[in-house]
Amino acid sequence: MQEHLLTEYRAAITRYMQTHEHLLEKYGINCVQYEPQHQLLKQDAQPHSLFILQTGLVKVVRTTSLGQAYSLGIFDRGEVLGDVEAIMEMPHFGTVETVTNCTLWKMAPQQFLKMLSQEPEFNLLIHRNVISKLLNTSHKAAIQSTNKLFYSLMVVLREFSKLNELQISKALLAEALGTSTRNLNRLLAQLEEEQIINTQQTIIKEINLQLLQHKIHAYENTIQ
């Protein structure tokens with residue numbers, strides 16, 4: 001799933017709301033405006049309102065049981081806030097706060113559920129939006145996992161090179177990293193293409209430590 005598809009679904013929801021103004025009164029939807037740093041939804045609180053962002057930016061933050069807060073992202077127009085909690089009848093997963101001046105459509109969770117059941121086009125848009133979020137998150141997680149594995153591989157190669165161990169088997173590397181030989185070969189091929197390593201069948205025979213250190217440093221500035 002590409003990020004632009006997620007953006008398309010958000011835009012479609014915005015267009016739907018703008019072109020179906022008669023539904024605002026039918027489902028008790030209000031247009032509200034808030035200044036920056038206004039808390040829309042609070043983590044662990046029971047759902048009381050649901051928002052669709054018309055203009056502006058909001059951020060979503062999740063705080064762990066140890067009190068460590070981390071950002072789940074900053075979102076723009078078309079983002080639906082509180083939809084999952086309304087559907088699942090669960091407390092809010094994170095805290096939502098405005099970043100800029102924002103204009104939003106606000107409705108009660110019960111009215112949102114009623115709208116889903118009575119407006120098929122809206123129902124489809126919301127479900128496609130939720131699914132696109134899930135696919136997009138999975139796509140990013142896969143990329144992040146691969147990047148971290150690639151980083152771990154380079155660190156292991158660096159340590160082996162310091163021991164002057166120039167007969168490193170791919171099987172040993174795959175076992176150490178907890179990945180398949182096929183996946184490892186794909187990562188090694190990239191390093192070999194950049195002339196960082198030289199492989200011969202199942203053995204890594206040469207490592208250019210200077211180039212390897214440079215690439216590790218670049219990764220440490222992006223994924224750590």
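Full extension of the chain segment joining Ser169 with Ser117 gains 12.8 nm, where the gain is 0.36 nm per residue of separation less the Cα-Cα distance. Structure remark: mean-square fluctuation, Gaussian network model of the chain, C-alpha springs under 10 Å; the largest value among Phe112, Phe160, Phe93 belongs to Phe160.
Given a cut-off of under 8 Å on Cα pairs at least six residues apart, what relative contact order in percent is computed for region 3-118? Once divided by the residue count of region 3-118, the mean separation gives 38 percent. Net charge in the neighbourhood of Leu125 (other residues with Cβ under 10 Å of its Cβ; Lys, Arg +1, Asp, Glu -1) is +1. To the nearest 500 deg cm²/dmol, what mean residue ellipticity at 222 nm is calculated for the chain from DSSP H runs of n ≥ 4 alone, each contributing -39,500 (n - 2.57), summed and divided by the residues? The helix-only estimate for the chain comes to -16500 deg cm²/dmol at 222 nm. For Kirkwood radius over Cα pairs in Å, the value computed from the atomic coordinates appears in the list (i) 19.9; (ii) 20.8; (iii) 17.9 under label (ii). Extension gain, Val155 to Gln37: 0.36 nm times the residue separation minus the Cα-Cα distance gives 38.3 nm. Ranking Gln37, Asn123, Met88 by how far each Cα lies toward the positive end of the dipole of the chain (charges on Cβ) leaves Met88 at the top. Net charge dipole, region 3-118: roughly 80 debye, given to the nearest 20, about the Cα centre with Cβ charges of +1 for Lys and Arg and -1 for Asp and Glu. Its Cα centre serving as origin, the chain has a Cβ charge dipole (Lys and Arg +1, Asp and Glu -1) of approximately 260 debye. Pairs over the 23 Å Cα-Cα cut-off, from the set Lys59/Lys148; Lys26/Lys59; Lys59/Lys215; Lys26/Lys106; Lys133/Lys215; Lys26/Lys133: Lys59/Lys148; Lys26/Lys59; Lys59/Lys215; Lys133/Lys215; Lys26/Lys133.
Each value in this text was obtained by applying a stated rule to the coordinates, not by laboratory testing. Here the structure is a predicted model, which is why all the values come from computation and not from measurement. Cβ coordinates were reconstructed from backbone atoms using ideal geometry, including for glycine residues, and neighbour counts include every protein chain displayed.
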